[in-house]
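Participant: Shown below is the structure under consideration.
Taken together, the values in this text are just the output of simple stated rules run on the coordinates, not laboratory data. A quick note: this is a predicted structure, and the numbers were derived from the prediction, not measured. So basically every Cβ, Gly included, is an ideal-geometry build from the backbone, and we count neighbours across all protein chains shown.
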Amino acid sequence: MSGPLAGIRILDLTTVFLGPYCTQLLGDLGADIIKVEPPEGDSTRFLGPSRSRGMGGTFLNLSRNKRSCVLDLTKPQALSVLQRIVSTVDVMVYNMRPAAMQRLGISYEWASAINPKLIYCGGLGFGEGGPYSGRPAFDDIIQAASGLAAYQQHSSGRPAYCATAIADKVTALFAANAILAALFERQTSGRGQKIDVPMFETMVGFALAEHMTGAAFEPPLGPPRYSRILSPNRRPYQTADGYIAVLPYNDRQWAKFFKIIGQAELAEDSRFGDMAARTENIDVLYEILAQALLTRTSSEWLALLGEADIPSAAVAQPEDLVSDPHLKATGFFEIWEHESEGTIRMVGSSTRFSETKPEMRTLAPRLGQHTVEVLEEAGFSAAEIAGLQKSGVARADVEISNLALG
């Protein structure tokens, strides 16, 4: 194994996006991820096109560097099986509601009694102790509740969701960061701890990082809105033959841009002379920019802006990214041969380490592919494993062609 987390074992009791994305990030860094799935499999297995049922493209790109162990946690005997696995791991990650964890008997008190060094991390919808605690939560719900959907209204005219599962994935990043911090602290204290990472609070803080503005003061000096970000004129701009993104940002870049469009005098205009003035008059400024870009083609603008070192880019279509020349040169996408799914394209890790290189060690597992292996590592004998399979507590290499959707 390689990667900075080589030797760390993580018990993954997660589904959908938040938890699986978090554990994949940790798996890419070298951790051994034991993904415990119910007999029907993680519902994410069934998203998007697939060559084999339960091995959709989304699952393939959320489940590399993981081993699949199928346990039916609704069966009482499963708790004693899980107990032995918990004793062997460093971290447990879950994203079901805390009440469900309690019903299954997998509380922090139970887990820490078995393994006092365990990091027990929950990706929750809402933080414990408030009136929203225990409510069901998915990405769309949190985008609405956190104000993120309302912020889109300023540019689109109505509340809208970001076209990506941003709340799930941002919370996953926060959870991975918290787990790393807890592992670092454990090096000193020798103790594990419980971590709650609630989606709602995480996304409120994420959205307000730049939008807090006047609301940072008591009493407020203004609403929690950053006007540049919310300007309806902040958008990819139309050119003579398409669209590009352009963002002159500092005084120097705006002066260069004004010169390029033949309006150098605007650099001396009191409305646009510094960042504070430009922010105050951002709608007018962006409208000037938008009108100017209509006069040349995208390629002409990108050449001019590139020469002036003004941030700009073509508007890429998602399907174009797999052939993007920069991503190709950096080896971001990797082509692999999956033992059951054939040739697949994997999204690589964007992080580079000079010494402990993250890597794809294994591809997404079949349902229950590693059940026997994981149970053997937890100390179960062949006879015990056979008994667990016979009783339905554990299942190995599950045939999912006839299973209902998750």
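Participant: Given a Förster distance of 25 Å, report the FRET efficiency between E334 and S50 from their Cβ-Cβ distance, rounded to the nearest 0.05.
Facilitator: 0.85
Participant: Can you give me the relative contact order of segment 237-314 as a percent, contacts being Cα pairs under 8 Å and 6 or more apart?
Facilitator: Numbers: 88 pairs, mean separation 36.4, N = 78.
It rounds to 47 percent for segment 237-314.
Participant: Something else about it: Per 0.36 nm of contour for each residue apart, how much would the distance between S107 and Q153 grow if the chain were fully extended, relative to their Cα-Cα spacing?
Facilitator: 12.5 nm
Participant: Still on this structure, I have one more. Of the cross-linked pairs K117/K357; K194/K390; K169/K390; K66/K117; K194/K328, which ones have a Cα-Cα span greater than 32 Å in the structure shown?
Facilitator: Result: K194/K390; K169/K390; K194/K328 exceed 32 Å.
Participant: Let me ask another. So for R158, R278, R225, fewest C-beta neighbours within 10 Å to most, what's the order? Intermediate values should be presented prior to the final figure.
Facilitator: Details: R158 8, R278 21, R225 16.
Taking fewest neighbouring Cβ atoms as first place, the list is R158, R225, R278.
Participant: So if each residue of separation counts as 0.36 nm, and I subtract the Cα-Cα distance between E265 and E185, what length gain in nm does that give?
Facilitator: Extra length available between E265 and E185 comes to 23.2 nm.
Participant: Fewest to most neighbouring Cβ within 10 Å: what's the order for V315, V36?
Facilitator: In increasing order of surrounding Cβ atoms, one gets V315, V36.
Participant: Order by neighbour count: F46, F217, F59, fewest other Cβ atoms within 10 Å first, most last. All intermediate terms of the calculation are to be shown ahead of the outcome.
Facilitator: On the way: F46 20, F217 10, F59 23.
Starting with the residue having the fewest Cβ neighbours, the order is F217, F46, F59.
Participant: Which option, [x] 19.8, 63; [y] 25.3, 85; [z] 22.6, 75, is the value of Rg and Dmax of the Cα atoms in Å that was calculated from these coordinates?
Facilitator: Structure-derived value, by its label: [y].
Participant: Okay, helix-only estimate at 222 nm for the chain: each DSSP H run of n ≥ 4 adds -39500 (n - 2.57), divide by all residues, round to 500 deg cm²/dmol; what do you get?
Facilitator: Result for the chain, helices only: -11000 deg cm²/dmol.
Participant: If you don't mind, another one. Any idea what the relative contact order of the chain is, in percent, if you count C-alpha pairs under 8 Å spaced at least 6 apart? Before the final figure, lay out the partial values.
Facilitator: Working: 706 pairs, mean separation 86.3, N = 406.
The value is 21 percent.
Participant: Then there's this: For segment 259-331 and segment 230-255, what is the centre-to-centre distance using only Cα atoms, to the nearest Å?
Facilitator: Cα centroid to Cα centroid, the span is 4 Å.
Participant: For Y249 and Q77, what is the calculated FRET efficiency with R₀ set at 51 Å and r taken between the beta-carbons, to the nearest 0.05? Each step should come with its number before you reach the end.
Facilitator: Details: r = 61 Å, r/R0 = 1.19.
Taking R0 as 51 Å, the efficiency between Y249 and Q77 is 0.25.
Participant: To continue, here is another question. To test your reading of the geometry: what angle, between 0 and 90 degrees and rounded to tens, separates the Cα axis of helix 298-307 from the longest principal axis of the chain?
Facilitator: 90 degrees
Participant: Under a point-charge model restricted to the Cβ atoms of Lys and Arg (+1) and Asp and Glu (-1), what is the dipole moment magnitude of the chain relative to its Cα centre, in debye to the nearest 20?
Facilitator: Numbers: 37 positive and 45 negative charges, 141 e Å.
The calculated dipole for the chain is roughly 680 debye.
Participant: Among M92, M55, M275, whose mean-square fluctuation peaks in a Gaussian network model of the chain (Cα, cutoff 10 Å)?
Facilitator: Result: M275 has the largest fluctuation of those listed.
Participant: On a 0 to 90° scale, report how tilted helix 199-211 is relative to the longest principal axis of the chain, with both axes built from alpha carbons and the result rounded to the nearest 10.
Facilitator: 20 degrees
Participant: Also, I was wondering about something else. If you take every DSSP beta bridge whose two residues both sit in the chain, what share of them, in percent to the nearest 5, is antiparallel?
Facilitator: 35 percent
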